[in-house]
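Encoded as structure tokens, the structure appears first; notes follow it.
A short reminder: the numbers here are calculations on the coordinates, not readings from a lab. Keep in mind that what you see is a predicted model, and the values were worked out from it rather than measured. Heads up, the Cβs are rebuilt from the backbone with ideal geometry, glycines too, and the neighbour counts pull from every protein chain shown.
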């Protein structure tokens, strides 16, 4: 009889903090992490660029148009996710997830993270619609988004545009 080892981890989320900048630099320079996640995966980043980004993020956070979270596994930072282009008047936002540590991809953390974001957006912020774009080659992400209810709207170059309405969740 064969036995399967199951590794249980505790996935939690917290506000994205300035102290996460070194992780952002590491993850955004990890080719495997950004291959399908960002529009220009070859661009890379620096500590200085991320410090500037964080300063701009804090301003957008104050205005209520961005909200990011750090993803933790047993209190170890493994990625980040969030909502951008938040428009409470219209009731929509753009959503994304980036699992930065290679060994944590493909383990259901994206699903847990997306469930958290959807709940936060619809229940805490009162939004009605979420949007995302996903590289058409990123089959695992596309499958995840379809499982949680996102529907394809069309294509924009190599990206599939998808949407999720509160009624459809």
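Tabulated values for the structure
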| item | result |
| --- | --- |
| Rounded FRET efficiency, nearest 0.05, which uses the C-beta distance separating residue 103 from residue 147 and R0 of 22 Å | 0.50 |
| The range 68-156 - convex hull of alpha carbons, volume per residue in Å³ | 103 Å³ |
| Peptide ranges 77-83, 50-56 listed from the most packed, as the mean C-beta count within 10 angstrom indicates | 77-83, 50-56 |
| The range 11-168 - percent relative contact order, Cα under 8 Å, separation 6 or more | 19 percent |
| Value of [θ]222 nm, deg cm²/dmol, for the chain, DSSP H segments ≥ 4, -39500 (n - 2.57) each, nearest 500 | -8500 deg cm²/dmol |
| Stretchable slack from residue 85 to residue 59, in nm (0.36 nm times residue separation minus alpha-carbon distance) | 8.1 nm |
| Cα-only radius of gyration and Dmax that characterise the chain, units Å | 16.1, 58 |
| Estimated FRET transfer efficiency when R0 is 22 angstrom, pair residue 161-residue 137 (beta carbons, to 0.05) | 0.90 |
